[in-house]
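The values are calculated or read from the model by the stated rules, or taken from the named source; none is laboratory data. None of these values were measured; they are calculated from a predicted model. Ideal geometry is used to build each Cβ from the backbone, glycine not excepted, and the neighbour counts take in all protein chains shown. Just so you know, the surface numbers come from the protein's heavy atoms only, side chains and all, with ligands and any DNA or RNA stripped out. Shrake-Rupley method; radii C 1.70, N 1.55, O 1.52, S 1.80 Å.
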Amino acid sequence: NIMKRVITTVGTSLFTNYLKKKDNINEHWEAIKDKSAAQYDSCKDRIKRIKPSILKFIKENNSSASAEIKSILKIRSEIDDEIEVRLLASDSVASVLAADILSGNNFDGGELIFDRDKDTIKGLRVDDGRLFEKEGMPNLIERIESICGGYYGNVVINMTGGFKASIPYLTIMGQVNNVPLYYIFEETEELIEIPQVPIDISWGMFEKYSSVF
């Protein structure tokens, strides 16, 4: 029995949920929230001030602290087996910080793994549509493929956190590789597994017209 690998995109609900209750990190959050991941090290002081409050918030609120935690725990109970969670951050200081904080926690039956160098997806920014299309999405798909190593039998994709703009691409990837896709509707807190549709790729056509492609 191979442990299930849950690939999870990471958004910023950890901070926005916190800020609904307290505003003591507001100034630091405003300063980092729009910065690209490359500026992470230059935000170290503000990060140091944000981290302790967020860690305390996770301890006190557990499953409701963020979209990622909530969905991971629900997927874990759905799968009913130990899981390994791979966190993927977008190209922003905020997403990298969220993934970094989450990876330090070990939630019920699942280890959370985040490698800042490899799991920060360059170009995955929604404030630049061209960059998102040209670099962000290809880099995200490439990273998922690299984590899976060509075998998708034990993989599920959790698209609850992160950019909504990634969902159509991840859905197609999941359908083509027969990977279960999970999403939580925050209003209902219902875990949705996106059903497989009978999609098949005619590789013969690609070979026939390879020069065109």
Show me the strands (runs of 3 or more DSSP E) found entirely inside the range 140-213 where at least 1 residues are free of Cβ contacts under 8 Å to residues at least 40 places away in the same chain and within 18 Å of the chain's Cα centre (by Cα). 181-185, 190-194
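Using the structure shown, decide if Asp91 is out of contact with any Asp or Glu (no Cβ under 8 Å at 6 or more places or on another chain), at pLDDT 95 or above, under 26 Å from Gly174 (Cβ atoms) and in a helix (DSSP H, G or I).
Values: out of contact with any Asp or Glu (no Cβ under 8 Å at 6 or more places or on another chain): yes; at pLDDT 95 or above: yes; under 26 Å from Gly174 (Cβ atoms): yes; in a helix (DSSP H, G or I): no.
No.
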Here is a list of conditions, (1) within 13 Å of the chain's Cα centre (by Cα); (2) open to solvent by less than 10 Å² (accessible area, probe 1.4 Å), and Gly110 meets all of them except one; can you say which number that is? (1)
Of (1) in contact (Cβ under 8 Å) with a residue 60 or more places away in the chain; (2) over 23 Å from Glu189 (Cα atoms); (3) in contact with a helix residue (DSSP H, G or I) (Cβ under 7 Å, 6 or more places away or on another chain), Ser90 satisfies every one except (3)
Considering only the range 63-84, I want to know if a residue exists there that is under 13 Å from Arg116 (Cβ atoms) and in contact (Cβ under 8 Å) with a residue 40 or more places away in the chain. no
Just wondering, is there one or more residues in the range 157-173 that are open to solvent by 80 Å² or more (accessible area, probe 1.4 Å) and in contact with a helix residue (DSSP H, G or I) (Cβ under 9 Å, 6 or more places away or on another chain)? yes
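Could you grab me the full set of residues in the range 59-78 that are of a type in the set (A, V, I, L, M) and either open to solvent by 40 Å² or more (accessible area, probe 1.4 Å) or in contact with a helix residue (DSSP H, G or I) (Cβ under 7 Å, 6 or more places away or on another chain) (or both)?
Taking the range 59-78 first, the residues of a type in the set (A, V, I, L, M) are 65, 67, 69, 72-73, 75.
Answer for the range 59-78, where residues must be of a type in the set (A, V, I, L, M) and either open to solvent by 40 Å² or more (accessible area, probe 1.4 Å) or in contact with a helix residue (DSSP H, G or I) (Cβ under 7 Å, 6 or more places away or on another chain) (or both): Ala65, Ala67, Ile69, Leu73.
Take the residues in the range 11-32 that are farther than 17 Å from Glu68 by Cβ and assigned to a loop (DSSP other than H, G, I, E, B), then tell me which one is nearest to the chain's Cα centre (by Cα). Even if it seems obvious, please write down each step before you answer.
Quick first cut of the range 11-32, residues farther than 17 Å from Glu68 by Cβ only: 21-32.
Remaining after also requiring assigned to a loop (DSSP other than H, G, I, E, B): 22-25.
Working: Lys22: 25, Asp23: 25, Asn24: 26, Ile25: 23 Å.
Among them, the one singled out is Ile25.
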Would the range 123-135 turn up any residue that is without any contact (Cβ under 8 Å) to a residue 40 or more places away in the chain, in a loop (DSSP other than H, G, I, E, B) and in contact with an Asp or Glu (Cβ under 7 Å, 6 or more places away or on another chain)? yes
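Search the range 33-46 for residues being of a type outside the set (Ser, Thr, Tyr) and in a helix (DSSP H, G or I), and hand back the single one that is surrounded by the most Cβ atoms within 10 Å (Cβ to Cβ).
Here is the first cut: in the range 33-46, the residues of a type outside the set (Ser, Thr, Tyr) are 33-35, 37-39, 41, 43-46.
Cutting the leftovers down to in a helix (DSSP H, G or I) gives us 37-39, 41, 43-46.
Working: Ala37: 21, Ala38: 13, Gln39: 13, Asp41: 8, Cys43: 18, Lys44: 9, Asp45: 10, Arg46: 19.
Top of the filtered list is Ala37.
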Taking Arg49, is it within 29 Å of Gly123 (Cβ to Cβ), in contact (Cβ under 8 Å) with a residue 40 or more places away in the chain and open to solvent by 40 Å² or more (accessible area, probe 1.4 Å)? no
Looking only at the range 1-20, count how many residues are open to solvent by 90 Å² or more (accessible area, probe 1.4 Å) and in contact (Cβ under 8 Å) with a residue 12 or more places away in the chain. 2
Within the range 114-154, residues being open to solvent by less than 50 Å² (accessible area, probe 1.4 Å) and within 18 Å of Lys51 (Cα to Cα) number 1
Evaluation of Leu102 against (1) surrounded by fewer than 24 Cβ atoms within 10 Å (Cβ to Cβ); (2) in a helix (DSSP H, G or I) (one fails), failing number: (1)
